[in-house]
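The values are calculated or read from the model by the stated rules, or taken from the named source; none is laboratory data. Note that the coordinates shown come from a computational prediction; the quantities given were computed from them, not determined experimentally. Here Cβ is always computed from backbone atoms with ideal geometry, including for glycine, and neighbour counts include all displayed protein chains.
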Amino acid sequence: MSELATVLEEMEARGVDALVLGREANSRVVADTTRLWLAGTRAFAPGCVVIRATGEVHVLANSDDAVPAAVPDDALYGITWNPEKLLGALVAIEGFTSARVVGVDGMTPAMYALLTAAIPDLALVDAATVLQKVWSLPSAARLDGVRATAAVTTTGLAAMAGALRPNVWPRTLRGACARAFAMAGVTTPAFEGVAAPIEGNLSTWLSPERMLIEGERVVLRAGALRDGWEAPVARTYEVHTPAPIAQPPPAAWAATLDQFRPGMRAGELRARGAIVYGVGRGVEPWDDDFTLFAGATCVLELADARSVHQDVVHVRDGGPELLT
């Protein structure tokens with residue numbers, strides 16, 4: 001597990017004794033798992049725990065089916081809604097209660113109470129500083145995984161666009177996307193397919209009781225999880241009979257995309273009005289000082305008064321490559 005070795009080195013350098021990770025993407029990259037998670041939102045839970053003193057990683061899982069053989073069965077702790085059982089599982093991890101500096105990637109009042117009960121004098125720090133180096137490493141596996149997932153995502157979006165017409169229910173479009181994913185061998189979306197009307201440069205929530213109407217502009221979003229790798233895409237269409245009319249990307253799209261080159265900082269791209277973040281084993285948040293490198297896979301989204309446009313981009317020395 002080269003990623004785990006990198007994380008342990010960063011923990012040593014920063015004086016972090018343990019990591020308690022709740023974001024699924026972080027659990028996947030640190031533990032090398034391909035676990036499935038179907039919920040769109042959830043409260044913070046310790047999906048993965050790393051102990052620097054022992055060099056071991058512990059995973060929240062009821063089965064070893066998607067966990068690599070390098071993680072022994074006794075390093076798995078079961079899913080539970082009972083906070084006392086969860087605390088008991090954490091306390092049982094060797095080296096956990098002796099940790100004094102713990103990195104977390106999220107927090108709820110309940111989890112804070114659990115952690116401070118187990119370690120009364122602990123100091124909490126942001127796990128992102130420890131994980132940033134992992135997300136910054138070039139990876140052929142990441143590129144291959146995201147590329148393959150992007151192909152599935154694009155198929156799902158095309159299916160949604162093919163079903164878009166006046167008086168269609170948004171759930172019908174979601175079903176078309178899910179069917180296309182399943183036919184490609186993928187049954188786990190990164191999120192449910194989205195069909196949202198656009199007003200100005202904002203896509204708005206659509207009531208499930210409202211059909212799409214002739215002439216309105218709609219943002220379609222699709223995202224798949226394939227073998228733990230994630231890729232999203234978004235396009236804007238105008239609803240028409242017999243077929244929707246694809247809207248061009250925002251005027252600044254080409255110029256902004258051209259800036260996706262090694263050495264560019266994420267903050268510079270955001271200053272241009274772009275939404276940009278890393279993507280791979282899930283969504284990888286970047287701070288403004290994050291510097292793009294050759295081999296990075298990221299998401300670019302731009303919006304104007306007419307369209308919202310999103311693609312997955314592979315950063316290369318010779319210029320960006322669109323994967324979606």
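Worth a mention:
- Selection within region 117-143: residues that are among the β-branched types (Val, Ile, Thr) and surrounded by 15 or more Cβ atoms within 10 Å (Cβ to Cβ). The member of this set that is farthest from residue 2 (Cα to Cα) is 119.
- Check on residue 306, within 29 Å of residue 126 (Cα to Cα), basic (Lys, Arg) and surrounded by fewer than 21 Cβ atoms within 10 Å (Cβ to Cβ): no
- Residue match in region 144-161 (condition: within 16 Å of the chain's Cα centre (by Cα), in a strand (DSSP E or B) and crowded, with 19+ Cβ neighbours inside 10 Å): no
- Screening 235, 221 for residues that are farther than 25 Å from residue 316 by Cα and surrounded by 14 or more Cβ atoms within 10 Å (Cβ to Cβ) leaves exactly one candidate, 221.
- Look at region 53-77: where a residue is on the phi > 0 side of the Ramachandran plot and a partner is surrounded by 18 or more Cβ atoms within 10 Å (Cβ to Cβ) and not in a strand (DSSP E or B), sitting 6+ places away or on another chain with Cβ atoms under 6 Å, you get 55/8.
- Every listed requirement among (1) touching a helix residue (DSSP H, G or I) at 6+ places or on another chain (Cβ under 6 Å); (2) in a helix (DSSP H, G or I); (3) at pLDDT below 90 is met by residue 130 save one, (3).
- Residue match in region 214-237 (condition: among the aliphatic types (A, V, I, L, M), part of a loop (DSSP other than H, G, I, E, B) and in contact (Cβ under 8 Å) with a residue 12 or more places away in the chain): no
- Region 46-74, subset surrounded by 20 or more Cβ atoms within 10 Å (Cβ to Cβ) and among the small types (Gly, Ala, Ser), residue modelled with the lowest pLDDT: 61
- Checked against (1) at negative phi; (2) at pLDDT below 95, residue 227 passes all but a single condition, namely (1).
So that you can scan it fast, the table gives a plain yes or no per residue for (1) of a type in the set (D, E, K, R); (2) more than 29 Å from residue 191 (Cα to Cα):
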position: 48; (1), (2): no, no
position: 63; (1), (2): no, no
position: 83; (1), (2): no, no
position: 87; (1), (2): no, yes
position: 121; (1), (2): yes, yes
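- The residues on offer are 140, 222, 180, 159, and the sole one that is under 26 Å from residue 287 (Cα atoms) and modelled with pLDDT of 95 or more is 222.
Quick grid of which residues meet (1) outside any strand (DSSP E or B); (2) touching a strand residue (DSSP E or B) at 6+ places or on another chain (Cβ under 7 Å); (3) of a type in the set (S, T, N, Q); (4) closer than 24 Å to residue 285 by Cα:
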position	(1), (2), (3), (4)
198	no, yes, no, no
207	yes, no, yes, no
211	yes, no, no, no
240	yes, no, no, no
267	yes, no, no, yes
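- Looking only at region 75-84, residues that are loosely packed, with under 12 Cβ neighbours inside 10 Å and in a helix (DSSP H, G or I) come to 1 in all.
- Filtered residue count, region 280-322, keeping only those that are of a type in the set (A, V, I, L, M, F, W, C) and over 23 Å from residue 246 (Cβ atoms): 9
- Test: residue 168 is modelled with pLDDT of 85 or more, farther than 18 Å from residue 223 by Cα and β-branched (Val, Ile, Thr): yes
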